[in-house]
Amino acid sequence: MKLLLVEDSRSVVAFLEQILRREPDIELLPHVANGRDAVVAVQRWSPQLVLMDLVLPGGMDGVEAITEIMATAPCPIVVLSGQLETPGRDRTFESLRAGAVDVLAKPTVGGLDAVKEFRERLLRTVRVMAHARVVGRRRMSLRTPAVVTPPPSQGVAAPEPRPCSLLAIGGSTGAPPLVFELLKALPSPAPFPVVVAQHIVRGFEPGFAKWLGGTGHRTMVAQGGEWLEPGVVYVSPADRDLVVRGGKLQTQTSRGVAVPSVDALFESVAGFYGSRAVGLLLTGMGEDGARGLLTMRQTGALTVAQEGTSCVVDGMPGAARALGAASQTLTPGEMSALMAALGRTTPSPSGRGPG
């Protein structure tokens, strides 16, 4: 694959090139150090993947470069972010709105184990994301979420809403902009709590929760011990699983490779809310969430998997469809319509216990 590195730090470039040049299936193009050169390089060389820094010199930062690339020569872009907390502006989530497919935290000082872990994560991400599905987009304001939300498919009706006591959402690669859109479609305040398990780089979840707050909902990163309240969106911590226990949220050491585990969340929701829950499984690599969604369906919950051609990576929803875990397969547009309908329903009196 042809890979373009956009980075102005010589030390970061040297470190990444040392890793990438050893891989026979990766062809490194000459790296560029600013956003304007990145746009020109993508238009000229048509790389299969771009690794993009966000803070760049020359008058065009990474977010602006991503916006221009996705409007003129769309290709998969993975963000290299070193900013976990940026006062006044969160370029990381702006980049996802602009069309980036994933985020990698820049390498930090550490021992051999840290270097090995970063190398494995980098190569795994590069190889998967080079085949990610991307859609060109027109230029737009960075203040406007740019997720592509197609209208409902012709002849496929969204499921009829029913009383809901909790909405559980699981996602990974490509899911954050869609989560934003779905929450924006859900009337605020929602008549039920919403719990989101999103695979995300550790340290980025506070920014993710703050960004989701732009939908008009009250959002927070769960710490464990919170009573579930209607109208609140709870985001899972990045390094622990989030589960429902007795009407409260609890965190626990993750049992799997994917963290936080969507399976763990969905299974706990099934055990407590039963048929009064709704589960949505969104785009992402791997199979996390498929078995948990099946458990929810077996207890009578409304279970939805994202339609495959609308996914950046149709791994998790595809696995759920293969298991028969989804009672409905919906496009983003149909899921947004479902959110609007659910927000107008009356929740069950307690929602506790299997329905």
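Structure notes:
- If you check D288, D314 for being more than 23 Å from G99 (Cα to Cα) and not small (G, A, S), only one passes: D288.
- Candidate set: region 204-223, residues that are of a type in the set (A, V, I, L, M, F, W, C) and in a helix (DSSP H, G or I); chosen: the one surrounded by the fewest Cβ atoms within 10 Å (Cβ to Cβ): A209
- Checklist (1) open to solvent by less than 70 Å² (accessible area, probe 1.4 Å); (2) more than 16 Å from V103 (Cα to Cα); (3) not charged (D, E, K, R) applied to V40, failing item: (1)
- The strands (runs of 3 or more DSSP E) found entirely in region 242-319 that carry 1 or more residues being open to solvent by less than 30 Å² (accessible area, probe 1.4 Å) and in contact with a Phe, Trp or Tyr (Cβ under 7 Å, 6 or more places away or on another chain) are 248-252, 277-281.
- Single residue of region 224-240 satisfying the filter (open to solvent by 50 Å² or more (accessible area, probe 1.4 Å) and either at pLDDT 95 or above or assigned to a helix (DSSP H, G or I) (or both)) that is farthest from T251 (Cα to Cα): P230
- Checking the stated criteria, A14 turns out to be of a type in the set (A, V, I, L, M, F, W, C) and open to solvent by 10 Å² or more (accessible area, probe 1.4 Å).
- Answer residue from region 180-223, given it is of a type in the set (S, T, N, Q) and more than 18 Å from A264 (Cα to Cα) and is modelled with the highest pLDDT among those: T219
The values are calculated or read from the model by the stated rules, or taken from the named source; none is laboratory data. What you see is a predicted model; the values in this text were computed from it and never measured. Neighbour counts are summed over all protein chains in view; Cβ atoms, including those assigned to glycine, are modelled from backbone coordinates with ideal geometry. Surface accessibility is based on the protein's heavy atoms, side chains included, excluding ligands, DNA and RNA. Shrake-Rupley method; radii C 1.70, N 1.55, O 1.52, S 1.80 Å.
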